[in-house]
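Since every read-out is calculated from the coordinates, none of them should be taken as a lab result. Fair warning: this is a prediction, and the values are worked out from it, not measured in the lab. Positions of Cβ are backbone-derived with ideal geometry, glycine not excepted, and every protein chain shown enters the neighbour counts.
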């Protein structure tokens, strides 16, 4: 049997099906969406390069009535009737450097759709034209239409370095999406799906399109993008052995390694994404490039940093270093506003963090014993090695510290630890603080704790933080290759109250005696 091709850079469902490319069958999820009797208007947030565009284009082919493309797939086996309807499909990933440029490009796309359906719409604002287009197409085809919009947030997130432009574009989006709620328009629409990376533009969407059912954290749709573990095993089993042999030939695996060993390492690098359900999801972009190149690398990370993250990092560097991952309410995650961005939720939607625990049930809010309703709380974690091995090094770039210089200090630091040379340890760690400029001034003790941990992680130490012991919590635990376990207790004080070396040694000795691990 001919091995299926890897669909790298292929976002056309038609091309994937007709040209023997690998396809993870997502049509079971699609069937649930298009046959939902309670909802027909949906919003989905997923990171870049996770398959949102392919999902949109698959739906476009579905609504276009191309049943032949779906033969043998889940939706066909489930008995879907494939009713044909008109489709208004847009990608807002267009030049939006100013409000005027964005409006101009949006009008061009809308007019192209009008020409395709041979309908006439009075020239007006993009929002009014969108309104007229939906009604005109529905009338011309004598049926309700499907509205599919990809990368809805691009005009905002790509202008985060210029808040005034981002705000103006958000206003355009507000007016545009608000038309979907107008009764005369809503009656013409059978189905809506809007996708994006982050929810930071939803300060406009919440008022402009608050009729959308957000399925981003719905457990039943947790695997709608990316590769689930069963999908990975079904799609790539035939490639594991040949890839393993290639890696053995260059010494990356021992001669007795088995395909399971390679599978385990692939999962360590690229698995781990969790959107609140039962599935862990692998990064599809990195998986495809891994099998193409037969080499482990940071494919997704190195494909580019999102514009809105770059702007946030420059504006609030310590928030990224002293990152808080616990106790975020569902509303905080779902309704992060443009002018009040929470760093962890933004990183989560962007793919740099994932949920640390799934919701207790499909409902957003949980009932307690006394029938009161408590909002669901979430915590986050770094999903896999590709992310964790890059995040801390990338943070160091903010402070102009080179990771090769850090690692050069590692052996010197290890020897100081093992010889219990507190002065040298303090001197090495303190030397890195000289790179912190005034505008990057830390917020307080927790920032210094985070910075020290960042130094140690960038040196490739195995670091545990906030360890619980019998007498409380310990700041840092450090594991060395020879199985020594070092205890680091940090104290923050102004220069005028600097601790003496005897005081430092006393604190460390007391921590070693009282903490139990």
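Given axes a ≥ b ≥ c from the Cα gyration tensor, I'd like to know whether the range 227-302 is rounded (a/c under 1.5), prolate (a/b larger than b/c) or oblate. Taking the square roots of the gyration eigenvalues as a ≥ b ≥ c, the range 227-302 is prolate.
Here the label points at residue 294 and residue 242, each 7 Å from Cα along the C-beta direction, are separated by 0.9 nm in the simple model.
Between residue 15 and residue 32, the contour length at 0.36 nm per residue exceeds the alpha carbon distance by 3.7 nm.
Taking other Cβ atoms within 10 Å as a rough exposure proxy, 354, 332 sort from fewest to most as 332, 354.
Between residue 108 and residue 187, 0.36 nm times their residue separation minus their Cα-Cα distance comes to what?
25.9 nm
Fewest-first ordering of 268, 280, 334, 199 by other beta carbons within 10 Å of each residue's beta carbon gives 268, 334, 280, 199. With a Förster radius of 41 Å applied to the beta-carbon distance between residue 377 and residue 68, the computed FRET efficiency rounds to 0.30. Each of 100, 342 was scored by other Cβ atoms within 10 Å of its Cβ. Arranged with the fewest first, they read 100, 342. The mean sequence separation of alpha-carbon pairs under 8 Å and at least six residues apart, normalised by the residue count of the range 195-328, gives a relative contact order of 25 percent. Working from Cα pairs under 8 Å separated by at least six residues, relative contact order for the range 227-302 is 32 percent. Take the Cα of residue 91, go 7 Å toward its beta carbon, and the backbone nitrogen atoms of the range 305-324 under 18 Å from that spot belong to 305-307. Ordering 84-90, 152-158, 173-179, 138-144 by mean Cβ neighbour count within 10 Å, with the highest value first, yields 152-158, 173-179, 84-90, 138-144.
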